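Throughout, read-outs are computed from the coordinates displayed, never taken from laboratory work. Everything numeric in this text was worked out from a predicted model, so none of it was measured. Here the Cβ is made from the backbone with ideal geometry for all residues, glycine too, and neighbour counts use every protein chain on show.
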Amino acid sequence: MYYTIFLTVHSWVRWIALGLGVASTFAALGAGDEASSSRADRWGLFLMMALDIQMLLGLFLYLALSPFTATALQDFGAAMRTPSLRFWAVDHAATMFVAVIVVHVGRVLVRKATTAESRRWRLAASVGFATFLMLLGTPWPGLLNGRPLFRF
């Protein structure tokens, strides 16, 4: 029961994170003046918060609730030879974790930038790359480990 609840919330927060990733990328690319740069930075902050929430939910699923990772962690060698278990045990988790790191490091680099143009490009690069990683690591329907677009 808890697994289903957490998985559903994790699935819905995915859409918030992806939407914020796309919005923050476009906001950063379109930021020309100081006001729009500040707006882009706020979108990036919201993305970072959504990814942090998503990561906490994912870690709880990974470490406590998921039957996939429980099976994978019992025999990690066998899990690496099974594509569906490897996806959940390593590929999905690692890709999403790197996306979270990219957003956090990007926000630090944005703060350290000396010019508005540098801030804009650093923000666009970090949130754009993190969004790409999220899209890459998502279990889209039709793929080997695909999941429904919306869980109810």
* **Pair Tyr2, Thr114: separation of 7 Å Cα→Cβ label points (nm)** => 5.2 nm
* Give the calculated FRET efficiency between Phe26 and Asp75 to the nearest 0.05, with a Förster radius of 35 Å applied to their Cβ-Cβ distance. => 0.20
* Zone of Ser84's modelled label, taken as backbone nitrogen in region 5-36 under 14 Å from a point 7 Å along Cα→Cβ -> none
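Taking a cut-off of 19 Å, what percent of all Cα-Cα pairs in region 48-135 are separated by more than that?
Beyond 19 Å sits 48 percent of the P(r) for region 48-135.
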* Structure fact -> Computed over the chain: longest principal axis from alpha-carbon atoms vs helix 2-30 long axis, angle to nearest 10 degrees, is 20 degrees
* Helix axis angle, 92-112 relative to the chain longest principal axis, alpha carbon, degrees -> 20 degrees
* Taking neighbour Cβ counts within 10 Å as the exposure measure, how do Ser84, Ser24 sort from fewest upward? -> Ser84, Ser24
* Could you tell me how many degrees, from 0 to 90 and to the nearest 10, lie between the Cα long axis of helix 116-137 and the main elongation axis, the longest principal axis, of the Cα atoms of the chain? => 20 degrees
* Sites Val105 and Phe60, calculated FRET efficiency, Cβ-Cβ separation with R0 22 Å, nearest 0.05 -> 0.40
* **Spatial extent of the chain: Rg and Dmax, with the Cα atoms as the point set, Å** => 17.0, 54
* Structure fact -> Measuring from its Cα centre, the chain shows a charge dipole (+1 at each Lys and Arg Cβ, -1 at each Asp and Glu Cβ) which, in debye to the nearest 20, is 60 debye
